[in-house]
Amino acid sequence: MFLMTRAVLPGMISAGGGSIVCTSSISAVAATPMEVLYDTTKGAVHMFSRAIAVEFRDRNIRCNAVCPGFIRTPHGLREVAELTAHGVDVSEAAIAAQQGRIGEPEDVARAALYLASDDSQFVNGVHLFVDNGFTAI
């Protein structure tokens, strides 16, 4: 994220503004066993997006993070399989209890599109959780 943001900032500044959407995760605030490094990097994404938001706000550049829960993607399904192998209950029933259902990629895409769009022009430095209430419990 740092390298990509560094690459796009000059163009955004010369264009008069823009929107950066970082990909984080519920793992930034809800730790899971066997994922210390992943959880830590997602926590860093949270602060990164806030710092960019504050530093470049006066140049009309917004930065927010979208934070998916368990999503039906190759990464998400691999994570479920690995956690299951380590004895963590991430069965369909457990995911349903935590977030209602497994999320779909389109759920995350709609949230990211909102953050990138002018509809969110006064939304800056936000972590938008796309987890159907997983982190609200």
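The values are calculated or read from the model by the stated rules, or taken from the named source; none is laboratory data. Remember, predicted model here, so these are calculated numbers, not experimental data. Using ideal geometry, Cβ is built from the backbone for each residue, glycine included, and neighbour counts are taken over all protein chains shown. Note: areas computed on protein heavy atoms with side chains; ligands, DNA, RNA excluded. Shrake-Rupley method; radii C 1.70, N 1.55, O 1.52, S 1.80 Å.
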Looking for something at pLDDT below 95 and either open to solvent by 50 Å² or more (accessible area, probe 1.4 Å) or in a helix (DSSP H, G or I) (or both) - is there at least one such residue anywhere in region 118-134?
yes
Restricting to region 3-51, count the residues that are over 15 Å from the mean Cα position of the chain (by Cα) and not acidic (Asp, Glu).
22
Test Ser49 against the criterion of being small (Gly, Ala, Ser), open to solvent by 70 Å² or more (accessible area, probe 1.4 Å) and assigned to a helix (DSSP H, G or I), and give yes or no.
no
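I'm checking my understanding of the structure. Among residues of region 98-112 that are outside any loop (DSSP other than H, G, I, E, B) and open to solvent by 80 Å² or more (accessible area, probe 1.4 Å), which one is farthest from Arg72 (Cα to Cα)?
By that ranking, first place goes to Arg110.
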Of the residues that sit in region 52-75 and are open to solvent by 50 Å² or more (accessible area, probe 1.4 Å) and more than 16 Å from the chain's Cα centre (by Cα), which one is nearest to Gly17 (Cα to Cα)?
Asn60
Considering only residues that are surrounded by fewer than 12 Cβ atoms within 10 Å (Cβ to Cβ) and either in contact with a Cys (Cβ under 6 Å, 6 or more places away or on another chain) or β-branched (Val, Ile, Thr) (or both), which ones fall in region 1-46?
Val36
Name the pairs: first residue in region 120-137 and hydroxyl-bearing (Ser, Thr, Tyr), second residue open to solvent by 30 Å² or more (accessible area, probe 1.4 Å), Cβ to Cβ under 6 Å, at least 6 apart or on different chains?
Ser120/Tyr114; Thr135/Val29; Thr135/Phe129
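Please tell me if Gly103 is over 21 Å from Arg6 (Cβ atoms) and in contact (Cβ under 8 Å) with a residue 60 or more places away in the chain.
No; evaluated as a whole, the condition is false for this residue.
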